[in-house]
Amino acid sequence: MTSIFGSPATYVQGIHALQDSYQYIERLGSKALVLADTVVLKIVGNDYIDYLTKNGLAVKKVQFRGEASENEINRVDEIGKDFGADLIIALGGGKTLDSAKAIADDLHINVAILPTLASTDAPCSRLSVLYTDDGAFEKYRFYAKNPDLVLVDTAVVAGAPARLLASGIADALATNVEAQAVAQGHNQTMLGAQQTLVGNAIATKCEETLFKYGLEALTSVKSHAVTKALDKIVEANTLMSGLGFESGGLAAAHAIHDGLTALHGPVHDMTHGEKVAFGTLTQLFLEGADKERFEKYLTFDLQLGLPTTFKDLHLADVSDEDLLKVGQQATSPEDTMKQMPFAVSPDDVAQAMKGVDAYSRHFQGLD
């Protein structure tokens, strides 16, 4: 089978990069939709639109309504057609960015991805995770190319809540765990191909960077400081994890995240990365990881304040029936559980999740 490696055309990262970005934006178009939610518009989006306008770009501001769903994408498609946009610029988190990639694909225009957080590995990939209007996982949508530009302003990232950086570290920490499972089974990556050596190497380097600099970076963000450690973690969360998950492949950790979207209630208050963190621990249990390996990830998650028990996920009284629902969603044919090197049943998922919860409570002395 063919091996494929995917990456954005240009990746830029640095302090105050937004206010020096027009040199990259002007190459991509002259009439831009700027997609951002109300919070991002208030923090940085409105100022950025002023910057673009002063530099001569025709801009149409579009407020993102919060869900990467077909209905939201279709709504913005129509705005883009009416405006005659030749570029979409997305400012914000994962769902805003994923929606912009879909809109760009629908309208056959360029896309610039400007994350305001380092909270997911969504920015660099040629795919989107789409949800129903009420937030349940629906499907992955794939594109012919990666974004034309990914630009990250580390000063903006440093101003975001520390919880969101920790979520990004959790999302990135799944990258190598999943990539090695895909490699072991000689299975397909998110590009529908075999891994390249480069894709696997990036996934490995991503994990090494996270363990080495993650805690330093998290403490930096608590003080809104742009440090060398933060710089390395932003690159790991955004570029290395983005390239690593796409060209290395996804497996159980993200499938379990998707499975959790089948439940209702306060679990939906958890971030993408927080749910992936529990998914990664569950994948390690599915694999039968030894004590030393499992505790390495568990300890790191606890240091970062990530969820490692059902109580942490707001699922303290979760029923076996609901865990089976998670397992059924996680093992659906549309998801990535099939890239594991062995067959996984819905009950396997439920039992592994119970195992993680029990081990973490025991490890913390909470029994």
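Which is open to solvent by 10 Å² or more (accessible area, probe 1.4 Å), under 29 Å from residue 266 (Cα atoms) and of a type in the set (Phe, Trp, Tyr), of 131, 51?
The unique qualifying residue is 131.
Filtering segment 225-265 to residues that are open to solvent by 10 Å² or more (accessible area, probe 1.4 Å), under 30 Å from residue 15 (Cα atoms) and either β-branched (Val, Ile, Thr) or part of a loop (DSSP other than H, G, I, E, B) (or both) leaves 225, 226, 227.
Filter segment 348-367 down to the residues that are acidic (Asp, Glu) and surrounded by fewer than 18 Cβ atoms within 10 Å (Cβ to Cβ) and list them by number.
Taking segment 348-367 and keeping what is acidic (Asp, Glu), we get 348, 357, 367.
Matches in segment 348-367: 367 only.
Within segment 206-215, work out how many residues are under 18 Å from residue 152 (Cβ atoms) and either in contact with an Asp or Glu (Cβ under 8 Å, 6 or more places away or on another chain) or surrounded by fewer than 20 Cβ atoms within 10 Å (Cβ to Cβ) (or both). Explain how you work it out, then say what you get.
Looking only at segment 206-215, we keep the residues that are under 18 Å from residue 152 (Cβ atoms), and these are 206, 209-210, 213-214.
Adding the requirement that they be either in contact with an Asp or Glu (Cβ under 8 Å, 6 or more places away or on another chain) or surrounded by fewer than 20 Cβ atoms within 10 Å (Cβ to Cβ) (or both) leaves 209.
The qualifying residues number 1.
Do we find that residue 235 is within 24 Å of residue 282 (Cβ to Cβ) and modelled with pLDDT of 95 or more in this structure? Break it down stepwise before answering.
On the way: within 24 Å of residue 282 (Cβ to Cβ): no; modelled with pLDDT of 95 or more: yes.
The answer is no for residue 235.
For segment 344-352, the criterion of being of a type outside the set (Ser, Thr, Tyr), touching a Ser or Thr at 6+ places or on another chain (Cβ under 9 Å), assigned to a loop (DSSP other than H, G, I, E, B) and not assigned by the TED database to the domain that holds residue 136 is satisfied by at least one residue. The single condition among (1) in contact with a Gly (Cβ under 7 Å, 6 or more places away or on another chain); (2) farther than 22 Å from residue 141 by Cα; (3) open to solvent by 40 Å² or more (accessible area, probe 1.4 Å) that residue 40 does not meet is (3).
When every residue of segment 81-96 is checked against the conditions, at least one turns out to be open to solvent by 10 Å² or more (accessible area, probe 1.4 Å), at positive phi and in contact (Cβ under 8 Å) with a residue 40 or more places away in the chain.
Just the residues that are open to solvent by 50 Å² or more (accessible area, probe 1.4 Å), charged (D, E, K, R) and over 25 Å from residue 362 (Cα atoms), please, taken from segment 290-347. The answer is 325, 334, 338.
Within segment 313-325, does at least one residue satisfy the condition of being over 24 Å from the mean Cα position of the chain (by Cα), in a loop (DSSP other than H, G, I, E, B), over 23 Å from residue 189 (Cβ atoms) and not aliphatic (A, V, I, L, M)? Give the derivation first.
Kept after step one, since they are over 24 Å from the mean Cα position of the chain (by Cα), are these residues of segment 313-325: 316-322, 324.
Then keep just the ones that are in a loop (DSSP other than H, G, I, E, B); that gives 316-319.
The next check asks that each one be over 23 Å from residue 189 (Cβ atoms); those that pass are 316-319.
So of that shortlist, the ones also not aliphatic (A, V, I, L, M) come out as 317, 319.
Within segment 313-325, one or more residues are over 24 Å from the mean Cα position of the chain (by Cα), in a loop (DSSP other than H, G, I, E, B), over 23 Å from residue 189 (Cβ atoms) and not aliphatic (A, V, I, L, M).
The values are calculated or read from the model by the stated rules, or taken from the named source; none is laboratory data. Because the structure is predicted, anything quoted here is derived from the model rather than measured. As a convention, Cβ positions derive from the backbone with ideal geometry for all residues, glycine included, and neighbour counts pool all protein chains shown. Only protein heavy atoms, including side chains, enter the accessible area calculation; ligands, DNA and RNA are left aside. Shrake-Rupley method; radii C 1.70, N 1.55, O 1.52, S 1.80 Å.
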